[in-house]
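Okay, so here's the structure we're looking at.
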Amino acid sequence: MVICMLSGKVAVVTGASRGIGRAIAVKLAEAGATVVINYNGSVEKAEAVCKEIVDNGGTASTYQCNVSDFAACEKFIQDVIAQYGRLDILVNNAGITKDGLLMKMSEEDFDRVVDTNLKGCFNCIRFVSRQMLKQKGGRIINMSSVSGIMGNAGQANYSASKAGVIGLTKACARELASRHITVNAIAPGFIDTDMTEVLSDNVKEEAIRQIPLGSFGKPEDIANLSVFLASEQAGYITGQVIHVDGGMSM
Ligand code: NAP
């Protein structure tokens, strides 16, 4: 069994008010990290995640920041460093969908998805990396998707953003490797969250037919890998895209 001890580490998880980000925040805190729970609009849900962590003996705080806003991300990361004095782990998890067929997709829906899912990762890495370079170490984990690997009809914007996350991950991994900062991406398949809850029963059934393990994953499936990638034990893994999708993309 791998023991992942993150005591003394400070972690930022974007989009941690719900779903996968929430599970990652809870598991990082269970492993001993101090966790900053970022959210955009769901203040009550973010506070509830924070309370759950603190009630279980962990350390956490919440921070509202729209990750697509470059200047807001600079202030966000500066504030975290001012509060905790260090920053060791960044999980770029915040993401949205605005699905639609190519011929009907608006410019706004394309831009909003790319701005949140791809530029949001860049914005946070941009400011976190300065601190990690000073610390000569760090862990950056970016949330990609099976849609970024295989493509998905109706998700030109989302698939492009998630494929972009893979390129961003590899470029940053090469740039930051000499300072022992690892950068990896996780590519989840279909995971039970608000994001997939809205899919019709037909779409869900068709998706399950394509998943060798025969079911949607749970947010904890992604959180378990995130904790490992954030740990000392994962120090020789960088620039990788790890698929957690029940075998869907093999
Ligand atoms: P979710 O349940 O819809 O939660 C999305 C989270 O992102 C929320 O915490 C939300 O905050 C936050 N968020 C959205 N826009 C934001 C912004 N501009 N700034 C800051 N935070 C923002 O989604 P999920 O299913 O957990 O997905 C998490 C990540 O995994 C996403 O990147 C998604 O693309 C990826 N993923 C999910 C699946 C899946 O099947 N669920 C599969 C592959 C990849 P608020 O609550 O404040 O709005």
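The values are calculated or read from the model by the stated rules, or taken from the named source; none is laboratory data. Remember, it's a predicted structure, so these values are computed and weren't measured experimentally. Neighbour counts are summed over all protein chains in view; Cβ atoms, including those assigned to glycine, are modelled from backbone coordinates with ideal geometry. With ligands, DNA and RNA removed, areas are computed over all heavy atoms of the protein, side chains included. Shrake-Rupley method; radii C 1.70, N 1.55, O 1.52, S 1.80 Å.
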Notebook entry, point to check: Of all residues in the range 209-227, which are surrounded by 15 or more Cβ atoms within 10 Å (Cβ to Cβ) and hydrophobic (A, V, I, L, M, F, W, C)?
Noted result: ILE211, PHE216, ILE222, ALA223, LEU225, VAL227
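Quick test for you: out of ALA173, ALA187, pick the one residue that is surrounded by 15 or more Cβ atoms within 10 Å (Cβ to Cβ) and touching a helix residue (DSSP H, G or I) at 6+ places or on another chain (Cβ under 8 Å).
Checking each option against the conditions leaves just ALA187.
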Notebook entry, point to check: For the range 34-60, how many residues meet the condition of being more than 8 Å from the ligand (Cβ to nearest atom) and surrounded by fewer than 18 Cβ atoms within 10 Å (Cβ to Cβ)?
Noted result: 10
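Name the residue, out of SER129, SER61, SER106, that is at pLDDT 95 or above, of a type in the set (S, T, N, Q) and under 30 Å from SER200 (Cβ atoms). Steps first, answer last, please.
Details: SER129 fails: under 30 Å from SER200 (Cβ atoms); SER61 fails: under 30 Å from SER200 (Cβ atoms).
Testing whether each residue is at pLDDT 95 or above, of a type in the set (S, T, N, Q) and under 30 Å from SER200 (Cβ atoms) leaves just SER106.
Per-residue answers, yes or no, for (1) within 16 Å of the ligand (Cβ to nearest atom); (2) of a type in the set (D, E, K, R):
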{"residue": "ARG112", "(1), (2)": "yes, yes"}
{"residue": "ASN117", "(1), (2)": "yes, no"}
{"residue": "CYS124", "(1), (2)": "yes, no"}
{"residue": "SER147", "(1), (2)": "yes, no"}
{"residue": "GLY151", "(1), (2)": "yes, no"}
{"residue": "ALA160", "(1), (2)": "yes, no"}
{"residue": "CYS172", "(1), (2)": "no, no"}
{"residue": "ALA177", "(1), (2)": "no, no"}
{"residue": "ALA187", "(1), (2)": "yes, no"}
Check: Within the range 21-33, can you find the residues that are open to solvent by 30 Å² or more (accessible area, probe 1.4 Å) and either in contact with a strand residue (DSSP E or B) (Cβ under 6 Å, 6 or more places away or on another chain) or near the ligand (Cβ under 10 Å from one of its atoms) (or both)?
Finding: ARG22
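Would you list the helices (runs of 4 or more DSSP H) that sit entirely within the range 7-106 and hold 3 or more residues that are among the charged types (D, E, K, R) and over 20 Å from MET132 (Cα atoms)? Before the answer, list the steps.
Details: elements: 19-30, 43-55, 70-84.
Where helices (runs of 4 or more DSSP H) fall fully within the range 7-106 and carry at least 3 residues being among the charged types (D, E, K, R) and over 20 Å from MET132 (Cα atoms), they are 19-30, 43-55.
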